[in-house]
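To start, the structure under review is shown below, and the notes come after it.
The values are calculated or read from the model by the stated rules, or taken from the named source; none is laboratory data. Predicted, not measured: the structure shown is a model, and the values here were computed from it. Here the Cβ positions follow ideal geometry from the backbone for every residue, glycine too, while neighbour counts run over all protein chains shown.
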Amino acid sequence: MAKIEKTPTGEFHSGYGCVIIAAAAGVFGFILWWGYHSLTTMDRAFAAIAQEQPAKLADVPTQPELEKKLAGFAAAATAGKPATLKLSAVEINALIVTAPDSGNGTYKDMLRVKAFDPAKNVVITDCSLPMNTAKFWEGKKRHLVGEIDFHVEMTEAGPDAKVHSVRVPGKTLPDGMISGMQSYGYLGPYQSHPQIGPALKAVKQVKVETDGVTLSSTR
């Protein structure tokens, strides 16, 4: 039986390879340019709403009974007993100043609760959030100073607080900035806190009221 051999019918041209390499280089170059363009555009937009120096937030008075209050709620809930925990703005601020460092600093110098809006289920805060610049290697920060409303919601890990809206006096925030901030849960750093963590895990329901937030171990 005759052996079948395959032979190319088209002509080879080195230009084909050059075209493919040039196309790949063009795509790679576009990706680099787009990344640089997006970074610098975002940097300019953030610079327009931020300021160089952080704001000095209100001092927080100590709450000597707060730790006992948290422990009592966690113990009752863990034992299967119905329990509620009402936290005022002062008490929440006392918890804020004890927040562990999440890698970008603690909340101590970033947030202060000042009011509540039950209709929107939000906690209203003064903020002074540090923001990176495009030259992040320089270690310099700018600061978003204004107000943030946090929406309180239940997640699989317990209650969490996510950005609902942001206001900077005299400034308009760039499109997409708030949606980017909304992807982050602000109670994450508290999950491993020795006093706050057990209390959070016991929470099944959260209600924002005019004078504080009420946590419940039952639905």
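At a glance:
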| read-out | value |
| --- | --- |
| Among (1) farther than 15 Å from Ala199 by Cα; (2) in contact (Cβ under 8 Å) with a residue 24 or more places away in the chain; (3) hydrophobic (A, V, I, L, M, F, W, C); (4) part of a loop (DSSP other than H, G, I, E, B) - the single one Ala99 does not satisfy | (1) |
| Meets criteria (at pLDDT below 90, in contact with a Pro (Cβ under 8 Å, 6 or more places away or on another chain) and surrounded by 10 or more Cβ atoms within 10 Å (Cβ to Cβ)) for Ala23 | no |
| From Lys171, Lys162, Lys108, Lys120, residue being under 13 Å from the mean Cα position of the chain (by Cα), of a type in the set (D, E, K, R) and either under 29 Å from Arg44 (Cβ atoms) or outside any strand (DSSP E or B) (or both) | Lys162 |
| Residue in the range 137-174 that is nearest to Gln53 (Cα to Cα), counting only those that are loosely packed, with under 12 Cβ neighbours inside 10 Å and of a type in the set (Asp, Glu) | Glu138 |
| Those residues of the range 68-94 which are in a helix (DSSP H, G or I), among the small types (Gly, Ala, Ser) and buried (at least 20 other Cβ atoms within 10 Å of the Cβ), in sequence order | Ala74, Ala77 |
| Output for the range 196-219, where each listed residue is farther than 13 Å from Ala75 by Cα, of a type in the set (S, T, N, Q) and touching a helix residue (DSSP H, G or I) at 6+ places or on another chain (Cβ under 8 Å) | none |
| Those residues of the range 142-195 which are in contact with a helix residue (DSSP H, G or I) (Cβ under 7 Å, 6 or more places away or on another chain), over 30 Å from Arg219 (Cβ atoms) and free of Cβ contacts under 8 Å to residues at least 40 places away in the same chain, in sequence order | Val166 |
| Residue check, Gly180 assigned to a loop (DSSP other than H, G, I, E, B), surrounded by fewer than 19 Cβ atoms within 10 Å (Cβ to Cβ) and not acidic (Asp, Glu) | no |
